[in-house]
1. Which pairs break 23 Å Cα to Cα here: B:79/B:173; A:387/A:444; A:384/B:354?
2. To the nearest whole number, what is the average tally of beta carbon atoms from other chains within 10 Å of the beta carbons of peptide A:435-443?
3. Cα centroids of segment A:338-402 and segment A:235-271: how far apart, whole angstrom?
4. Counting only heavy atoms of protein chains, what accessible area per residue, in Å², does segment A:318-444 have with a probe of 1.4 Å?
5. Counting partner chain Cβ atoms within 10 Å of every residue's Cβ in B:467-475, what's the average?
6. So for segment A:318-444, taking the charge dipole from beta-carbon charges (+1 Lys/Arg, -1 Asp/Glu), which of A:365, A:406, A:421 sits furthest toward the positive end?
7. Using the beta-carbon distance between residue A:279 and residue A:65 and R0 = 45 Å, what value does 1/(1 + (r/R0)^6) give for FRET efficiency, to the nearest 0.05?
8. Residue B:31 to residue B:72: FRET efficiency via 1/(1 + (r/R0)^6), r the Cβ-Cβ distance, R0 35 Å, to the nearest 0.05?
Amino acid sequence: MHIAIIGNGISGVTAARFIRKLSDHRITIISTETDHFFSRTALMYIYMGHMRYQDTKPYEDWFWEKNRIDLKRGYVEQVDTAGKKLIFKEGDSLSYDKLILATGSTPNKFGWPGQDLKRVNGLYSYQDLEAMEQYSEGLKKAVIVGGGLIGLEMAEMFHSRHIPVTILVRENSYWNGVMPPEESAMINREIIRNHIDLQLGEELSEIVDNGKGEACAVITKSGQRIECGYVGLTAGVHPNIKFLENSDIETKRGILVDAHLQTNISDIYAIGDCCEQRQPKPGRRGIEAIWYTGRMMGETVAYNICGKPVAYNPGIWFNSAKFLDIEYQVYGNVQARQPEEHQSIYWEHPEGNKSIRINYDKKQNQVVGFNLMGVRFRHEVCEKWIKEKTHIETVLKDLGLANFDPEFYAKHEQEVLNIYNKQQGKNLAVKEERSWNKVFAFLKS
Amino acid sequence: MSQVQKSMSLANPAPPFTDLIQKIASAVGGVGLLFMVIALSGAGAIQNSVWLYSALGLIMVGTVVYSWRAYMTKPEGIKNNGVWFASLSSKGLWGWVLGIVLTGFYVVLYWFPQYLGLGGEDAANTGLVAFFDPLSRVLSGNPASQWFVYGTLYTVAILSFGIKFILKYRHNKYQVIRTISVMFFQLGFAFLIPEIMQKLQYPYYSFTNMWPLNYYFFYDWNLTTLLGAGNVGLFMLLFGLAMIFIISPTLTYFYGKRWYCSWVCGCGGLAETAGDPFRHLSDKSLKAWKIERWMIHGVLVFVTLMTVAVIYSYYTGDRNVLITKPIAIGLIVLLGAFVIAIVQANKKEINLSKDKLSMLISGIVGVIILLAIIAYFTGNFVIDGGLLRSWYGFAIGSAFSGVVGVGFYPLMGSRVWCRFGCPMAALLGLQQKFFSRFRITTNGGQCISCGNCSTYCEMGIDVRAYAQKGQNIVRASCVGCGICAAVCPRGVLKLENGSVDLHNKTTELKAIHIAEGDIRIL
Ligand SMILES: Cc1cc2nc3c(=O)[nH]c(=O)nc-3n(C[C@H](O)[C@H](O)[C@H](O)COP(=O)(O)OP(=O)(O)OC[C@H]3O[C@@H](n4cnc5c(N)ncnc54)[C@H](O)[C@@H]3O)c2cc1C
Ligand code: SF4
Ligand code: SF4
């Protein structure tokens with residue numbers, strides 16, 4: 001059996017790896033972007049000089065041949081579902097028995113005048129990075145449109161080369177659609193501390209052409225004109241499925257898939273950023289364009305293709321990011337606008353660059369989520385607490401089990417507990433200290 | 001897409017610009033170096049203590065001020081901007097220049113010290129060595145030797161770049177404490193104490209330098225010196241033995257080899273401080289790992305053989321070690337019994353993973369086969385202890401640890417010696433892998449495979465290969481520097497000690513994250 005995978009990102013590659021573990025099927029991974037899989041999340045580090053492109057490749061180049069995974073560079077223009085054939089822009093074609101679509105995302109553009117000029121680009125692909133590199137030479141000023149994670153990464157990239165940056169954010173606080181107000185305010189402070197010009201409540205109205213088809217300034221909704229040599233469009237992404245427009249594969253915003261990640265056509269599956277769950281799990285979105293879900297879907301689809309049907313179950317939500325120098329981790333249910341039935345315990349370091357938020361259900365006293373800034377927590381421990389609906393007081397007393405900071409880092413467990421004590425008029429004390437032996441015992445219990 | 005910017009800066013590679021204070025600081029440090037070059041050229045005018053102390057002071061002040069400007073003017077955090085663009089830290093022109101200069105310095109130091117101005121039996125020092133006489137007289141009462149010059153510069157490097165490292169990682173308490181520790185042990189135990197001991201008429205002895213790194217510990221001259229130095233000498237001898245057989249195994253059991261390699265050891269100390277700008281140059285490929293294992297364990301076997309031969313000849317007075325047929329057969333039987341014992345013990349208690357067990361056994365079986373061949377074909381086998389010793393001293397003691405070990409920093413990363421050549425690292429590494437509470441744990445499914453950890457691992461460990469599978473890192477070579485954990489942008493790695501899972505620190509393979517119970521295995 002020949003399994004073709006379109007997309008050599010984390011989703012497609014994980015699928016291929018697991019199919020190889022489970023079977024002897026012939027596997028071909030197709031991509032138009034690069035010859036080998038690289039970590040998209042590390043694009044910024046290439047630009048900043050922390051790593052070279054080859055350092056971002058998770059597997060050495062011999063890996064593919066050794067595991068009998070064929071790689072093909074090319075752009076699939078059309079999927080012939082009846083003939084089970086892929087037609088390439090380059091003119092050739094490839095037949096398959098089963099097909100996995102793992103084509104990722106593409107940056108949003110909202111019809112701004114000038115959005116297709118030169119010196120205007122999103123940041124998603126390796127080619128986007130090359131464009132950024134090309135126009136950075138002698139660049140005096142960059143403007144970034146959109147207040148998400150990638151926007152800030154882009155700002156950090158320019159900042160690392162001492163290129164002044166302005167970020168236009170529609171909301172009145174950074175990423176406050178996702179982050180609770182305190183954490184969002186912390187990000188604002190971090191951006192400003194790094195001398196990046198953060199303009200909140202400001203939107204792009206148009207990009208100005210310098211007469212040579214290149215951007216030379218932006219004009220904002222408030223009428224401000226900002227001269228710049230580069231405009232970064234980072235107002236989110238959407239599934240990269242344009243090439244499927246004329247096929248009979250059913251799509252909405254993404255490629256629609258069932259619980260087994262199969263599309264409306266049997267033998268065709270879709271995973272990662274490009275797919276949309278017909279019936280998302282409660283509390284989850286239909287499209288979750290992140291690294292981790294892509295990886296889980298890759299694993300799941302491999303089982304389904306290799307005759308071990310299993311439904312996609314991403315488990316308890318988790319994610320992480322880094323805002324300049326502040327690391328961020330989240331486990332479980334933490335929302336920008338707290339639902340009525342939830343209560344937060346929020347601790348913030350006096351210096352304002354670290355915080356721990358623990359959310360619990362007021363009535364049941366059960367922990368529901370953790371939001372960490374500048375502090376590392378242990379994934380498995382948090383997950384187990386949430387899954388087992390652990391009592392908030394148990395969590396607080398054992399908080400040391402969750403801490404994942406390096407040795408000798410200051411302990412804040414009692415300070416967090418004191419906030420709860422104050423809220424509840426109690427006098428609880430921290431019980432479990434940080435120790436691998438105790439963590440191990442807890443996880444095995 | 002690589003953009004090469006020319007920069008000579010060691011402290012902060014490729015800043016788009018250095019400020020005025022940094023330029024002045026570089027000049028100040030440069031003047032200090034210049035004094036030494038002038039002294040080397042034989043100019044008598046600057047041969048006195050004022051010039052020496054000014055030179056050392058200027059170098060330190062220059063480095064510290066430069067790094068202060070580089071790091072303290074920016075918010076704390078990981079500062080690796082431009083590392084791969086700067087010529088010095090990316091094997092560019094300046095990297096090669098520095099590599100060649102350092103290598104040349106070591107060649108002169110080891111084999112042509114007369115060019116540094118080392119005096120003979122009754123000739124006084126001249127040049128650079130004479131320049132250091134005043135300090136040497138203060139500390140040990142003797143004129144300087146080329147080793148004293150080297151030791152002083154080495155210590156100055158660890159101290160200045162140690163401060164730089166602390167400024168760079170000031171947000172990370174593990175890094176700060178660890179660096180203070182290497183600075184302390186270098187200055188006190190490796191540099192000052194041995195010198196002062198000499199002044200007090202005791203043998204030269206560094207408490208932190210143990211066999212097999214200190215390969216001459218069991219040499220006849222060393223044993224004779226120690227045994228001839230009364231109670232203090234005896235204490236040194238016993239302490240040295242306790243280090244090898246009690247202190248080191250105990251500490252390694254509790255904390256892994258890091259207690260030595262990145263907290264105490266001078267070679268490690270230089271690599272962590274002065275070598276920090278080059279740590280990412282280590283080769284991460286699987287091939288490099290294979291070469292590494294052969295080389296480092298080869299050196300360990302070499303040093304062990306040599307030491308046995310040396311001790312043997314110390315007792316017999318004969319430099320040739322004779323392995324007769326009965327001895328060879330006796331050894332084979334002994335080793336065979338050992339293999340059986342391990343296999344038995346493994347069934348009941350220690351539970352080694354399959355690959356660990358096979359690695360261990362194949363090693364021992366290899367030695368058995370070797371012995372058998374020798375016993376069968378040659379009857380008696382003669383090991384020339386003296387020859388082994390001189391070859392070890394030349395090839396490993398000097399050429400590898402010095403010339404290649406430090407000279408190749410800008411080309412192969414800061415831990416070339418520690419990774420490929422150090423027998424101490426090999427020994428501690430075996431213990432770390434098989435019998436230590438230390439490992440690096442990974443944080444569930446949080447890894448984004450970005451590669452920062454692997455890139456900045458000076459030991460060339462492909463940390464990401466484990467992290468992205470959610471697997472703990474249990475590698476013999478890991479020196480526990482903690483930099484992988486520091487640079488990880490997603491908080492995935494943590495250096496940890498624990499005894500509960502001593503012989504199963506890494507599960508064979510772990511699912512990344514998928515909830516269905518029946519497919520948890522990857
Ligand atoms: C700068 C940046 C930082 C990020 N950081 C994080 C982070 O910290 N954490 C996180 O969870 N997520 C992060 N993400 C999101 C994450 O990278 C994506 O969710 C993930 O890479 C999606 O993987 P995928 O395999 O689904 O698709 P992709 O990685 O996008 O791979 C799809 C591949 O398919 C190819 N392709 C598409 N169509 C065709 C066609 N018709 N023919 C041939 N080839 C085709 C594309 O060229 C591409 O190479 C980041 C994204 C970016 C851009
Ligand atoms: S694995 Fe991490 S702690 Fe170990 S040597 Fe490499 S960087 Fe240092
Ligand atoms: S462990 Fe951290 S640094 Fe290493 S690849 Fe994963 S996310 Fe990157």
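The values are calculated or read from the model by the stated rules, or taken from the named source; none is laboratory data. This structure is a prediction, so every number in the text was calculated from the model and none was measured. Positions of Cβ are backbone-derived with ideal geometry, glycine not excepted, and every protein chain shown enters the neighbour counts. Side chains included, ligands, DNA and RNA excluded: accessible areas come from the protein's heavy atoms. Shrake-Rupley method; radii C 1.70, N 1.55, O 1.52, S 1.80 Å.
1. On the way: B:79/B:173 16 Å; A:387/A:444 14 Å; A:384/B:354 30 Å.
Cα-Cα > 23 Å for A:384/B:354; rest within.
2. Averaged over the peptide's residues, the number is 4.
3. About 36 Å separates the Cα centre of segment A:338-402 from the one of segment A:235-271.
4. Accessible area per residue, segment A:318-444: 41 Å².
5. Per residue, the average neighbour count from other chains is 1.
6. So the residue we want is A:365.
7. Calculated value: 0.70.
8. Working: r = 23 Å, r/R0 = 0.66.
FRET efficiency, residue B:31 to residue B:72: 0.95.
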